[in-house]
Amino acid sequence: MSRPRKQNPGALSDATGADEARDRPPTEVTMGGRQSKSPSRQKAWREAHPRKYLAHLWVEHAKRLGVLRPQPCEVCGATRVDAHHDSYDRPGEVRWLCRRHHTQLHARGR
């Protein structure tokens, strides 16, 4: 004689909530088992700075397509560099600076 199987109340099966999990709106993000209804820090930054974000995307796409190639830092010649935009209205015009010099430039308010 076999014993009846115990149901695990926390397990998702079609009868116990899998449909609810599948139908959850995609705007709810689960992090570490908790649901977060607030936007991520990055998403909030993107929404607050759309021109900066679009300029960043332009550079990333141009690099991926080979249209734009990173150059050494214009101050020290380092090869690990960030793209710096003097004007976000011209996303293709960038200055290549290492993280140290990029941070220093922003610290001076430019």
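The values are calculated or read from the model by the stated rules, or taken from the named source; none is laboratory data. Bear in mind that the values here come from a model prediction, so they are computed numbers and not experimental data. With ideal geometry, Cβ positions are generated from the backbone for all residues, glycine too; neighbour counts draw on all protein chains shown.
How many residues are farther than 18 Å from residue 50 by Cβ and of a type in the set (Gly, Ala, Ser) if we restrict to region 62-100?
4
Go through 44, 62 for me and flag whichever is modelled with pLDDT under 95, assigned to a helix (DSSP H, G or I) and among the aliphatic types (A, V, I, L, M).
44
Of all residues in region 101-110, how many are touching a residue at least 12 places away in the same chain (Cβ under 8 Å) and over 18 Å from residue 49 (Cα atoms)?
Qualifying residue count for the region: 3.
Name the single residue, out of those in region 55-110 being of a type in the set (Ser, Thr, Tyr) and under 21 Å from residue 45 (Cβ atoms), that is surrounded by the most Cβ atoms within 10 Å (Cβ to Cβ).
In this case the residue turns out to be 88.
From 30, 79, 16, which residue is at pLDDT below 60, among the β-branched types (Val, Ile, Thr) and part of a loop (DSSP other than H, G, I, E, B)?
16
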